[in-house]
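Asker: Mind looking over this structure? Questions follow.
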Amino acid sequence: MQVSVESTGALERRIEVQVPAARVEKAVEDRLKSMSKTVRLKGFRPGKVPVQVVRQQFGQQVRQEVLGDVMQSSFAEAVTQEKLNPTGGPRIEPISMEQGADLKYRAVFEIYPQIKLTGVETLAIERPAAAVATADVDAMIENLRKQRPTFVAVERQAHDTDRVTIDFDGSVDGVAFDGGKGEGVPITLGEGRMLKDFEAGLQGVKTGEQKTIELTFPDNYGAPALANKKAQFAVKVNSVEEQVLPALDAEFCKSYGVEEGGIDRLRQEVEDNMRRELADAVQSRLKKQVMDALLAANPVELPKSLVEAQVRELQVDAGRRMGAKDASQLPPPESFVEAAKRRVALSLLINEVISTAGLKLDQAKVQTRFEELAQQFPDAAQAVQTYRSNPQIRRQMEAAVLEDQVVEWLVERAKITDKPSSFKEIMNFGA
């Protein structure tokens, strides 16, 4: 077999392969002989069909199948012989496929870039350093109280934290629009769940009051037909209710699953959970910094085929979340190119770190992660077994653990500086 290689780009290669005619003809003959033992033709007993009859009936079809198989197998042999590492299947262009002559074809494909890690010992990383303070726990407990309010009717003007229940009827240029009407709609002022100007128009209202609120829909409003349109809402206030937060008593604790130990036990559980969340957030920030620094220190030439495949994957994923029903409803690919390039570059660099460091998947860490994930279920052991028996979930978990091992390896060699911070800053709590 003769092979010639040509570089047609930084990572694109074009090879021409010539396969001896004898190899092709032997493969065709072997396929015909095999078929003669299994094919069923009228007038012949099973397994007794002469090869020449099979050739007459199926020769051309068999030849085309064999040519495809030979091109695939000889391509694999060619890239191995030339020490090339394709990123995916080639684009094959036949040159000569005449019977009795050597098979010749051209294959165009991309190869993985050669990567040599640099800058590992000089990666500069700032690690957030924070602890959960008593004031943080107090603030979190207060936040939990705000999640369990009761409301009591009041005869005064409404202000932030009050619940205002209204009927409203909206119109644009005097014409009603879809979603512009509601009855008995409760709105808690200050939560920001309604348009800012609409909520501002409810500040100071009283029970029984009727008024008109005028506003302009924002540019990025969810209903494009209403974007930038001026609207009027006829509003009737059915009630104004004052928010009353629950007392920190046994009933409050039970509402959050703490049956014994009262507020002290609740505070301890809240603090423990806050510490876990803080540790996860610190690790997430550390990981992002490590990956950013790794990318900056190691620019990589990216195979177009891998980037395009990643763009399609991100498109489909975004479409699924948006409820797209077919390809025409997918968001445009251009918005995913940069994210796709980052993912491909990091994947290549992570694989190189694994190879360079000789990292092996830590199955004990995989098991621990499954056990942590299963804690939310009544039968944790069964949940772990279910996770581990699902090939897709298992592969995802193993990939995540191996990626964490890469981060650990890089952190051990990087220049780490602890940066003082706080729970509120890191968790964006209370923003």
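Readers should treat all values here as calculations from the given coordinates under stated rules, not as data from a laboratory. What you are looking at is a predicted structure, and each value in this text was computed from that prediction instead of being measured. Cβ atoms come from the backbone with ideal geometry, glycine included; neighbour counts cover every protein chain shown.
Asker: To the nearest 20 debye, what charge dipole does the chain have about its Cα centre, counting +1 at the Cβ of each Lys and Arg and -1 at the Cβ of each Asp and Glu?
Answerer: It works out to roughly 2440 debye.
Asker: Once you've got the GNM for the chain with C-alpha springs shorter than 10 Å, pick whichever of ASN273, ASN143, ASN228 has the biggest mean-square fluctuation.
Answerer: With Cα springs under 10 Å in the chain, the top fluctuation among ASN273, ASN143, ASN228 is at ASN228.
Asker: Which angle from 0 to 90°, rounded to the nearest 10, does the C-alpha axis of helix 337-357 make with the longest principal axis of the chain?
Answerer: With rounding to tens, the tilt is 70 degrees.
Asker: So if R0 is 25 Å, what FRET efficiency would ASP404 and GLU425 give, r being the distance between their Cβ atoms, rounded to the nearest 0.05?
Answerer: Taking R0 as 25 Å, the efficiency between ASP404 and GLU425 is 0.55.
Asker: So, one more: Using θ = phi - 60° and the Karplus relation 6.51 cos²θ - 1.76 cosθ + 1.60, list the HN-Hα couplings for the range 298-310 in order, rounded to whole Hz, with x at every Gly or Pro.
Answerer: Each residue of the range 298-310 in turn: 9, x, 10, 6, 9, x, 4, 4, 5, 5, 4, 5, 5 Hz.
Asker: Relative to the longest principal axis of the C-alpha atoms of the chain, give the angle of the C-alpha long axis of helix 363-374, reported between 0 and 90° and rounded to the nearest 10°.
Answerer: 40 degrees
Asker: In addition: Where does helix 380-389 land angle-wise versus the long Cα axis of the chain, in degrees 0 to 90, nearest 10?
Answerer: Around 30 degrees separate the two axes.
Asker: Taking 7 Å along the Cα-to-C-beta vector as the label spot, tell me the LYS181-VAL53 distance in nanometres, rounded to one decimal.
Answerer: That separation, rounded to one decimal, is 8.0 nm.
Asker: Using only the alpha-carbon atoms of the range 149-244 as identical scatterers, what base-10 log of I(q)/I(0) does the Debye formula give at q = 0.16, 0.19 Å⁻¹?
Answerer: Reported log10 I(q)/I(0), two decimals: -0.64, -0.87.
Asker: Taking H placed 1.01 Å from N in the peptide plane, check which residues at least 5 places from TYR221 or on another chain put their amide H under 5 Å from its amide H.
Answerer: Those lying under 5 Å, H to H, from TYR221 are ASN228.
Asker: Please list, in chain and number order, the residues 5+ apart from GLY190 or on another chain whose amide H is under 5 Å from its amide H, with Hs placed from the backbone.
Answerer: It is THR161, by chain and number.
Asker: Further question on the same structure: Any chance you could run the full-extension gain for SER335 through ASP264? It's 0.36 nm times the residue separation minus the Cα-Cα distance, nm to one decimal.
Answerer: Answer, rounded to one decimal: 20.6 nm.
Asker: At a threshold of 8 angstrom on Cα-Cα distance, excluding pairs fewer than six apart, so keeping six or more, what relative contact order does the chain reach in percent?
Answerer: On the way: 576 pairs, mean separation 77.1, N = 431.
About 18 percent, as a whole number.
Asker: Assuming 0.36 nm per residue, please report the length gained on full extension of the stretch LYS229 to ARG320 beyond their Cα-Cα distance. Intermediate results must be reported in sequence, preceding the final value.
Answerer: On the way: separation 91, 0.36 × 91 = 32.76 nm, distance 3.02 nm.
Extending this stretch completely gives an extra 29.7 nm.
Asker: Treating only the Cβ of Lys, Arg, Asp and Glu as charged (+1, +1, -1, -1), what charge dipole size does the range 40-94 show about its Cα centre? Round to the nearest 20 debye.
Answerer: In debye, rounded to 20, the range 40-94 gives about 580.
Asker: Let me ask you something else. How many times 2.2 N^0.38 Å is the alpha carbon radius of gyration of the range 160-311?
Answerer: So the Cα radius of gyration is 1.68 times the expected 2.2 N^0.38 Å.
Asker: Now a separate question. Send over the Kirkwood Rh of the range 2-110, from the inverse of the averaged 1/r over different Cα pairs, rounded to one decimal Å. Before the final figure, lay out each step's value.
Answerer: Working: mean 1/r = 0.0649 Å⁻¹.
By the Kirkwood definition, the hydrodynamic radius is 15.4 Å.
Asker: With the cut-off at 1.5 for a/c, could you classify the range 316-431 from its C-alpha gyration tensor as rounded, prolate or oblate?
Answerer: Details: a/c = 1.31, a/b = 1.10, b/c = 1.19.
In terms of gyration-tensor shape, rounded.
Asker: Cross-link list LYS26/LYS83; LYS288/LYS415; LYS288/LYS419; LYS287/LYS365; LYS196/LYS229: which exceed 20 angstrom alpha carbon to alpha carbon?
Answerer: Details: LYS26/LYS83 27 Å; LYS288/LYS415 15 Å; LYS288/LYS419 15 Å; LYS287/LYS365 17 Å; LYS196/LYS229 15 Å.
Listed pairs above 20 Å: LYS26/LYS83.
Asker: So what's the back-of-envelope 222 nm ellipticity for the chain, counting only DSSP H runs of four-plus at -39500 (n - 2.57) apiece and dividing by all residues, rounded to 500?
Answerer: Calculated from helices alone, the mean residue ellipticity at 222 nm is -15500 deg cm²/dmol.
Asker: Moving on. Please list 354-362, 218-226 highest first by mean number of surrounding beta-carbon atoms within 10 Å per residue.
Answerer: Result, highest mean first: 354-362, 218-226.
Asker: Turning to a different aspect of this structure: Starting from the Cα coordinates of the chain, work out the convex hull volume and express it per residue in Å³. Don't skip to the answer; put the middle values down first.
Answerer: Values: hull volume 122.0 nm³, N = 431.
Per-residue hull volume (Cα only) is 283 Å³.
Asker: Suppose each label sits 7 Å from its Cα in the direction of the beta carbon; what would the GLN2-TYR221 distance come out to in nanometres?
Answerer: About 7.2 nm, to one decimal.
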